[in-house]
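> The structure under discussion is supplied below as structure tokens; questions concerning it will follow.
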Amino acid sequence: QVQLVESGGGSVQAGGSLRLSCVVSGPPYNTYCLGWFRQAPGKEREGVASIGRDGEITYADSVKGRFTISQDNARNLYLSMNGLKPEDTAMYYCAATTFRIATLVASRYNYWGQGTQVSVSS
């Protein structure tokens, strides 16, 4: 019943910005925690940012100071990305879990969107 739909990806040059959005629908008790993950070809899936039920936030070290996760009153999820680098190039996914505390552990997430591509050129 939970559905996640990402948007906002695109192609930018290094130093540029993008804002990703994820529309979240379904029972709120199935989406206590929301997160953004990314995966580049040949690389492991990486947790980018997460926000827990009570609003606590955690970021991957690689994006601290550049990315900002936020959530609106309708549970929609956002990721503002500034100072993009070529190494940020990846498919970005939003995800939801019944786990209440913010976590970057992908295996804890129950629901996933289809992803939106972010490409950053040199």
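> In segment 45-122, which GluC sites (Glu not before Pro) are in a loop and have at most 13 other Cβ atoms within 10 Å, using DSSP for the loop call?
56
> Here is a further query. Determine the distance separating the Cα centre of segment 3-58 from the Cα centre of segment 96-122; give it in Å without decimals.
5
> Here's something else I'd like to know. Leaving out ligands, DNA and RNA, and with a 1.4 Å probe, what % of the accessible surface on segment 1-85 is carbon or sulfur?
The computed percentage sits at 45.
> So for the pair residue 14, residue 100, with labels modelled 7 Å out along Cα→Cβ, what separation do we get in nm?
Modelled inter-label distance: 4.5 nm.
> Given a Förster distance of 35 Å, report the FRET efficiency between residue 66 and residue 23 from their Cβ-Cβ distance, rounded to the nearest 0.05.
Approximately 0.90, to the nearest 0.05.
> Roughly what would the spin-label model give for residue 80 and residue 121, points 7 Å off Cα along C-beta, in nm?
Once both label points are built, they end up 2.7 nm from each other.
> Quick check on the chain: what are the equivalent-ellipsoid semi-axes from the Cα gyration tensor, as sqrt(5λ), descending, whole Å?
Details: eigenvalues 105, 36, 35 Å².
For the chain, the semi-axes come out at 23, 13, 13 Å.
> Hey, in the chain, which Cys have no second cysteine's beta-carbon closer than 4.7 Å?
33
> With a 1.4 Å probe and all protein chains left in place, how much accessible area per residue does the chain have, in Å²?
50
> Under the Karplus relation 6.51 cos²θ - 1.76 cosθ + 1.60, θ = phi - 60°, what is the ordered set of whole-Hz ³J(HN,Hα) values for segment 49-58, x standing for Gly and Pro?
Per residue, the Karplus-derived 3J(HN,Hα) values read 7, 8, 10, x, 4, 8, x, 5, 10, 9 Hz.
> Out of the chymotrypsin sites (Phe, Trp or Tyr not before Pro) in segment 1-85, which ones are loop residues according to DSSP with at most 11 other C-beta atoms within 10 Å?
Values: sites: 29, 32, 36, 37, 59, 67, 78; in loops: 32.
When the chymotrypsin sites (Phe, Trp or Tyr not before Pro) of segment 1-85 are filtered for loop state and at most 11 Cβ neighbours within 10 Å, nothing remains.
> Based only on Cα atoms, what Rg/Rh ratio does segment 1-59 have, Rh being taken as Kirkwood's radius?
Answer for segment 1-59: 1.01.
> Also, I was wondering about something else. Based on DSSP loop calls and a cut-off of at most 11 other Cβ atoms within 10 Å, the longest stretch of the chain free of exposed trypsin sites (Lys or Arg not before Pro) is what?
The longest uninterrupted stretch comes out as 65-122.
The values are calculated or read from the model by the stated rules, or taken from the named source; none is laboratory data. Remember, predicted model here, so these are calculated numbers, not experimental data. For neighbour counting, all protein chains shown are included, and Cβ atoms are generated from backbone atoms with ideal geometry for every residue, glycine included. Note: accessible area is taken over every heavy atom of the protein model, side chains too, but ligands, DNA and RNA are not part of it. Shrake-Rupley method; radii C 1.70, N 1.55, O 1.52, S 1.80 Å.
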